[in-house]
Each structure stands twice: as structure tokens, then as C-alpha cells.
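The values are calculated or read from the model by the stated rules, or taken from the named source; none is laboratory data. Remember, predicted model here, so these are calculated numbers, not experimental data. All Cβ positions, even for glycine, are placed from backbone atoms using ideal geometry, and neighbour counts span all protein chains on display.
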């Protein structure tokens, strides 16, 4: 992580309005175990924000130096309005921010939407293109994930 990282306390950023969420923001969210999940915003996309999630739950909701080197468990698209702005479900907060470098994988992870005869895939950067029926069946849906969706992917 770059030395220019900004850190926010869990208490300082109780709510982040949608227009202030930006690529490179690190976030934590409360897990049923009492620990904290963590991730990072990759890009603004049409249905929310794409994000990467890190594998190790934290005891404290803080930005730590090894997040960027800890590997990624999975990628998803967040319902950032419900999670960060309106806080309608779960407890999700921005805990820091740093410049984000675009990785090749961000262009290679896709989600799909559309109906028969008009199937599309969208990558984590929000770029979309047509896709085949086979790709459509093999890829996850392009829809914003809420707290329950993310916790389910984490095994809760």
C-alpha cells in the first residue's frame, strides 16, 4: 500500500454518501462472529461499485499495511447505496483510501445480464460487451449484492 494512504477511524465515517465513494476506498463490515470483513472499492459501475474482498477477518475495523498483499477471496458488485449511504443493512464503513492500480484481473472478471438474444457481460471496470449463451450460463449475474449476499459468499 502506498505511503499516501488516508486512514479513518470506524467511528469517524459512520456513513459515506454515495457520491463520495471512490475507487481505492478500503472498507470494513461487521461479521456475525463479531469480527470484521474487509475489502476495497475497485470502480463505479452502473448498478453500484465493484469490489474485491480479502480473506482474513479482522479483530478491529482498521486499515492495515498488508491488505493489498493478502490476496483476494472474491470479487462482487456492491449495493453501495444501501450499504454505505443509507445503511439499510449490515454495518459497512469506509476506513481508508489510497490510489488504486488497475490490475489485469479487473478486466477479466465478468458478470452477466440480459435476455435471450441480448446477453451482455460487464467487467469490474464497468466495461460491457455482448456474450454467448454459454458464457451467460457460466458467469454470475450482474446485480448489486447486499450484506446477506456477501455474508453468504463468506460462509455465514
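Candidates are the residues of the range 21-36 that are touching a helix residue (DSSP H, G or I) at 6+ places or on another chain (Cβ under 9 Å) and not in a strand (DSSP E or B); the one that is surrounded by the fewest Cβ atoms within 10 Å (Cβ to Cβ) is 32. Would you check if there is a residue in the range 8-20 being assigned to a loop (DSSP other than H, G, I, E, B), surrounded by 14 or more Cβ atoms within 10 Å (Cβ to Cβ) and in contact with a helix residue (DSSP H, G or I) (Cβ under 6 Å, 6 or more places away or on another chain)? Yes: one or more hits. Scanning the range 63-84 for residues that are modelled with pLDDT of 95 or more and more than 15 Å from residue 28 (Cβ to Cβ) yields 74, 75, 76, 77, 79, 81, 82.
When the residues of the range 111-145 are filtered to those that are within 23 Å of residue 85 (Cβ to Cβ) and in contact with a helix residue (DSSP H, G or I) (Cβ under 6 Å, 6 or more places away or on another chain), which remaining residue is surrounded by the most Cβ atoms within 10 Å (Cβ to Cβ)? Once the filter is applied, the top-ranked residue is 124. Anything in the range 70-113 that is within 25 Å of residue 17 (Cα to Cα) and assigned to a loop (DSSP other than H, G, I, E, B)? List them, or say none. Correct list: 79, 86, 87, 88, 89, 90, 91, 98, 99, 100, 101, 102. If the condition is being surrounded by 14 or more Cβ atoms within 10 Å (Cβ to Cβ), touching a strand residue (DSSP E or B) at 6+ places or on another chain (Cβ under 9 Å) and more than 21 Å from residue 60 (Cα to Cα), then the range 83-102 contributes only 100.
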